[in-house]
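Worksheet: the structure to be examined is printed underneath.
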Amino acid sequence: MRGFLIICLLAFCPVFSFAQNTVTVEPPFWWEGMVYNKLELLVHGKNISALQPKIISGSVTLNAVVRPESPNYLILQVEINNQASGGFQIELTDKKGKTSSSYWFELKKRAENSAQRKGFNSSDAVYLILPDRFANADTTNDSRPELIEKANRSKSLGRHGGDIKGITQNLGYISSLGFTAVWLNPVQENNQNASTYHGYAITDFYAIDARLGSNSDYLEFVEECHKKGLKVIMDMVFNHCGTNNKLANDPPSPDWFNQWPEFTRPNYKGEVISDPYASDYDKIKMNNGWFDVTMADFNQKNPHVLNYLTQNSIWWIEYAGLNGIRMDTYPYPDKDAMAVWAKTVMAEYPYFNIVGESWLSLPSHTAFWQQNPKLPAGENTNLKSVTDFPLYYSVIQALNEPDGWFEGWSRIYNILSQDFLYPDPQSLLIFPDNHDIERFATSIGADFAKYKLGMVFYATTRGIPQFYYGTELMMESTPYSDHGSYRRDYPGGWPGDSINAFLSFGLSQHQIMARDFLKEILLWRKDKEVVHTGKLKHFLPENNVYVYCRYNANETIMVVLNKNTETTRLNLNRFNECLSGFAMGYDILSKKEFELKGSLLLEPLTPIILELKK
Ligand code: CA
């Protein structure tokens, strides 16, 4: 989706051939009454830098014209004052002062309460979907003549044909499972030669990939999500773009991208950014290396690059009605530039939320990226949410090994005990798996008991729980395989599928049990304020049992995770500070009531979630 401006040179001189030059303006339009009212319009077209731009409007001023090195760009710095309405005319004139072309830049009316939109938070349960792999509602768009890679469902890393309509059609199903927010992996155009299904090599920041649908399909998706009480989180990528992006093919100036004498990858070690001893060599490689051969690395230190990306993110929020952004590879782009970006977005939408992908193994490194740091570790990132990889790793280990001083449940205990490092632990995104890592079921040996313990933990501990499509069916991946095995097609999404999860047709008894189990706890969680915002108190794991409670002024729940393979007696004395004042506990899972006296008899390998009653 771009604004097209046609320059017709010599159009009125029949002697000469008719020459046409297609010019794009990005962003293609904007809105009235935005906080962000100083725009940089990136105008692209063959040899247009020789033209003189003019703006015809009483309430919009052209502050400056930047002519970057490429002759094919003009950057117009315009300021839109509060009285501006409807739009304004941009005219490009040639040396003789004749208007070569004009472009109507529309200023749209903002949606009501746009600035007050609510971001996702710990009251939500997020469903993550890789759009190419969920449901194929329109088989006619699987391949598109104008896009290089065609559909090939037999290839693990090929395009399989899933689309936005397929997701929209199944929002009722997603909502029925208890989810309240949806995060799609990037949906913007990825017109690269291969492996374009994941969406992380964007070739047009303003257009939905036509194989996933159109911009209006995406708008319809967001609208339907909102009707069903689902918030929408858009995946964005500021670190890099696809090498087929016009910005990479024909950069406004070479310093739009980090340049190397030969192809150089980052070291993929985000830890170096916060390391007080790190060498510049390692930091520069981390920030400026190219994530992959098809991904040109943006130089966010260039203010025009930062403006381009910032405007794009605000454009999508306002255009589509987003509730949140998941920003890819947060430690890779320039940290200071990203801090400015996050601040700018939050100034426009104070109740919005952004989660930055911070794939780091320690709480200290992760906490460094969350806004308002408790330790003097650097400039404020202005980033509200970060991904809790340390917790993810600890849960897998906790479920797979016997308890020891450091092992088993102590892994989780020790990670959570470091929450003093985080300015806001409740805003951490927590997850049993995602599109980049082994499927949760595979990590736990497809063990249903471990699955139940894991799901209860993620649904009841602090943070914003995110679940990856298919995790509810205990879908598996192939160990040590390519990423495609983490991203298999959702059963029932394709015409002729022999198993259809949407219709509960052909699923194993096991899969139905797994899905019903998660559904039950998520539906329960939906209205449980004590889980959304209540305090957390946990007890040292003992005898393979981990106990914690969530509490507020009105309610207390107690969660007991028993990893023993035999029936276990749990003495309740230790938990008085959670239990005092309560006589009974109702387990929402077994629907049994327990008297809170003396001890509890725990079933082997079973979680319980007790709602405490007087
Ligand atoms: Ca399709």
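The values are calculated or read from the model by the stated rules, or taken from the named source; none is laboratory data. The structure displayed is predicted, hence computed values, not measured ones. Glycine gets a Cβ as well: all are built from the backbone with ideal geometry, and neighbour counts include every protein chain shown. Areas reflect the complete protein model, heavy atoms only, side chains present, ligands, DNA and RNA absent. Shrake-Rupley method; radii C 1.70, N 1.55, O 1.52, S 1.80 Å.
Count of the stretch 416-435 residues, restricted to those that are among the charged types (D, E, K, R) and open to solvent by 30 Å² or more (accessible area, probe 1.4 Å), is 1. Consider the stretch 261-280 and keep the residues that are under 22 Å from S364 (Cβ atoms) and in contact with a Gly (Cβ under 8 Å, 6 or more places away or on another chain). The one that is least open to solvent (accessible area, probe 1.4 Å) is P266.
With D204, D292, D235 as the choices, which residue is buried (at least 16 other Cβ atoms within 10 Å of the Cβ), acidic (D, E) and not assigned by TED's automatic domain parsing to the domain that holds Y330? Break it down stepwise before answering.
On the way: D204 fails: not assigned by TED's automatic domain parsing to the domain that holds Y330; D235 fails: not assigned by TED's automatic domain parsing to the domain that holds Y330.
The match here is D292.
Residue count for the stretch 130-180, restricted to those that are touching a residue at least 24 places away in the same chain (Cβ under 8 Å) and more than 14 Å from the ligand (Cβ to nearest atom): 15.
Checking each residue of the stretch 353-363 against the condition of being within 19 Å of the chain's Cα centre (by Cα) and not assigned by TED's automatic domain parsing to the domain that holds F431 gives no match. Among the residues of the stretch 354-391, those identified as closer than 22 Å to M234 by Cα, without any contact (Cβ under 8 Å) to a residue 60 or more places away in the chain and open to solvent by 30 Å² or more (accessible area, probe 1.4 Å) are Q371, N382. Restricting attention to the stretch 139-190, the residues being surrounded by fewer than 17 Cβ atoms within 10 Å (Cβ to Cβ) and acidic (D, E) number 1.
Figure legend. Inter-residue proximity from the stretch 566-578: first residues more than 10 Å from G598 (Cβ to Cβ), second residues exposed (fewer than 11 other Cβ atoms within 10 Å of the Cβ), beta-carbon distance below 7 Å, spacing 6+ or different chains. Indicated pairs: T567/L601. Within the set K46, K98, the sole residue that is in the same structural domain as W30 (by TED's automatic domain parsing), open to solvent by 20 Å² or more (accessible area, probe 1.4 Å) and more than 37 Å from the chain's Cα centre (by Cα) turns out to be K98. One residue stands out among those in the stretch 213-232 that are out of contact with any Leu (no Cβ under 9 Å at 6 or more places or on another chain) and under 26 Å from S385 (Cβ atoms): the one that is surrounded by the fewest Cβ atoms within 10 Å (Cβ to Cβ), which is G229. On the stretch given as the stretch 515-562, residues that are assigned to a strand (DSSP E or B) and either open to solvent by less than 50 Å² (accessible area, probe 1.4 Å) or touching a His at 6+ places or on another chain (Cβ under 6 Å) (or both) total 14. The residues listed here are G289, G378, G356, G321; of these, the one that is on the phi > 0 side of the Ramachandran plot and at pLDDT 95 or above is G321.
Scan the stretch 119-129 and give yes if some residue there is within 16 Å of the ligand (Cβ to nearest atom) and closer than 26 Å to E26 by Cα, otherwise no.
Initially, the stretch 119-129 is screened for residues within 16 Å of the ligand (Cβ to nearest atom), giving 129.
Among the residues that remain, those that are also closer than 26 Å to E26 by Cα are: none.
No, because not a single residue in the stretch 119-129 is within 16 Å of the ligand (Cβ to nearest atom) and closer than 26 Å to E26 by Cα.
Is the stretch 487-508 home to any residue that is within 19 Å of L399 (Cα to Cα) and open to solvent by 60 Å² or more (accessible area, probe 1.4 Å)? No - not one qualifying residue is present in the stretch 487-508. Identification of helices (runs of 4 or more DSSP H) wholly contained in the stretch 178-276 with 2 or more residues that are more than 30 Å from A151 (Cα to Cα) yields 215-227, 271-274.
Is there a residue being open to solvent by less than 10 Å² (accessible area, probe 1.4 Å), among the aliphatic types (A, V, I, L, M), out of contact with any helix residue (DSSP H, G or I) (no Cβ under 6 Å at 6 or more places or on another chain) and not in a helix (DSSP H, G or I) anywhere in the stretch 330-353? Within the stretch 330-353, not a single residue is open to solvent by less than 10 Å² (accessible area, probe 1.4 Å), among the aliphatic types (A, V, I, L, M), out of contact with any helix residue (DSSP H, G or I) (no Cβ under 6 Å at 6 or more places or on another chain) and not in a helix (DSSP H, G or I). Within the stretch 209-231, does at least one residue satisfy the condition of being closer than 23 Å to V305 by Cβ and either away from the ligand (no atom under 16 Å from the Cβ) or among the polar types (S, T, N, Q) (or both)? No.
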